[in-house]
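First up is the structure itself, then whatever we jot down about it.
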């Protein structure tokens, strides 16, 4: 990530805990986790929207939506 203050923000949010656990395990931390941790009050609605898209009512099962997201992420060379 290119924003040092964002990447090294130490909040007690679930996002920060997830990022710290991943880093401690040697797992690359997705940049979106750093953003969610940096300003959790500003990313609340994005998290709610994502949850609704992935888990809300749909003709596609949650598993199918996860597969589409994973495929799309892979095509764009980003972590999912």
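Between the Cα long axis of helix 40-55 and the first principal axis of the chain there is an angle of about 20°, rounded to the nearest 10.
Extension gain, residue 77 to residue 27, is 16.4 nm, computed as 0.36 nm per intervening residue step minus the present C-alpha separation. For the chain, the longest principal axis of the alpha carbon atoms and the long axis of helix 14-24 meet at an angle near 70°. Once you keep just the Cα pairs under 8 angstrom separated by 6 or more residues, what percentage relative contact order results for the range 4-75? Relative contact order for the range 4-75 comes out at 26 percent.
The packing ranking, built from the mean of other Cβ atoms within 10 Å per residue, places the peptides 65-72, 34-41, 53-60 in the order 34-41, 65-72, 53-60, highest first. Normalised by 2.2 N^0.38 Å, where N counts its residues, the alpha-carbon radius of gyration of the range 4-75 equals 1.26. Roughly how tilted is helix 62-75, in degrees to the nearest 10 and between 0 and 90, from the longest Cα axis of the chain? Orientation of helix 62-75: about 60 degrees from the principal axis.
Bear in mind that the values in this text are calculations on the coordinates, not laboratory data. All figures in this text were calculated on a predicted structure; none of them were measured in a lab. A quick note on method: Cβ atoms are made from the backbone with ideal geometry, for glycine too, and the neighbour counts reach across all protein chains shown.
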